[in-house]
1. Any idea what % of Cα-Cα pairs in region 53-109 are farther than 17 Å?
2. Rounded to whole Å and ordered largest first, report the semi-axes of the equivalent ellipsoid of region 6-58 derived from its Cα gyration tensor (root of 5λ).
3. Using only Cα atoms, tell me the angle between helix 48-58 and the longest principal axis of the chain; keep it within 0 to 90° and round to the nearest 10.
4. When the helices in the chain are scored as -39500 (n - 2.57) per DSSP H run of 4 or longer and the sum is shared across all residues, what 222 nm value do you end up with, to the nearest 500 deg cm²/dmol?
5. With an 8 Å cut-off on Cα pairs and a minimum separation of 6 or more residues, tell me the relative contact order of region 66-164 in percent.
6. Over region 10-86, what is the mean sequence separation of C-alpha contacts under 8 Å (at least six apart), divided by residue count, expressed as relative contact order in percent?
7. Determine the gain in length on full extension of the stretch A92-D141; use 0.36 nm per residue of separation and subtract their C-alpha separation, reporting nm with one decimal.
8. So what's region 75-159 giving for Cα Rg divided by 2.2 N^0.38 Å, two decimals?
Amino acid sequence: MASIAVCPGSFDPVTYGHLDIIKRGAKVFDQVYVAVLNNSSKKPLFTVEERIELLREVTRTLPNVHVEAFHGLLVDYARSKNANAILRGLRAVSDFEYEMQITSMNRVLDENIETFFMMTNSQYAFLSSSIVKEVAKYNGDISELVPPVVEQALKRKFASTAAD
């Protein structure tokens, strides 16, 4: 049986921390579906379509990685892909409590789908999309935090919002 994982997130925008987890997951699982969600509790900078485009660009060299949007319950999406795993990155202990709640609920919804936690590379432990957006908004150097295509997209986005 093929090992198929779903790596969910809002990816607004994708960072080197996200990419680290995706690349390492692609080495462990036969197929990885990067599932882009629209988190209703957050006000995204990029549309779902823009996030998918950026993710596809930065994962194009990974033939077993697929990028799609999803809505609804993660376990339903995972089942639709015949996934037997959910792949989540952990940056710090502070992430664990939230992730444990989500994992416990997913386990109640479908006990056949396991969640795998992967520790982020220590150089990205502080990194979040929110921090990247804040630094980019004020023209700070984000070249070490995001791939070049994402850096350019952020510059364009903030240039257009400054003009509004």
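1. 53 percent
2. On the way: eigenvalues 81, 24, 18 Å².
Value: 20, 11, 10 Å, ordered largest first.
3. 90 degrees
4. Numbers: 6 runs with 73 residues, N = 164.
My calculation for the chain gives -14000 deg cm²/dmol from helical runs alone.
5. Numbers: 66 pairs, mean separation 23.1, N = 99.
Over region 66-164, the number comes to 23 percent.
6. Dividing the mean separation by the residue count of region 10-86 yields 34 percent.
7. Answer, rounded to one decimal: 15.3 nm.
8. 1.39
The values are calculated or read from the model by the stated rules, or taken from the named source; none is laboratory data. All of these numbers come straight from a predicted model, not from anything done at the bench. Methodologically, a virtual Cβ is constructed for each residue, glycine included, from the backbone with ideal geometry; neighbour enumeration extends over all protein chains shown. Protein only, heavy atoms only, side chains kept; ligands, DNA and RNA dropped before computing areas. Shrake-Rupley method; radii C 1.70, N 1.55, O 1.52, S 1.80 Å.
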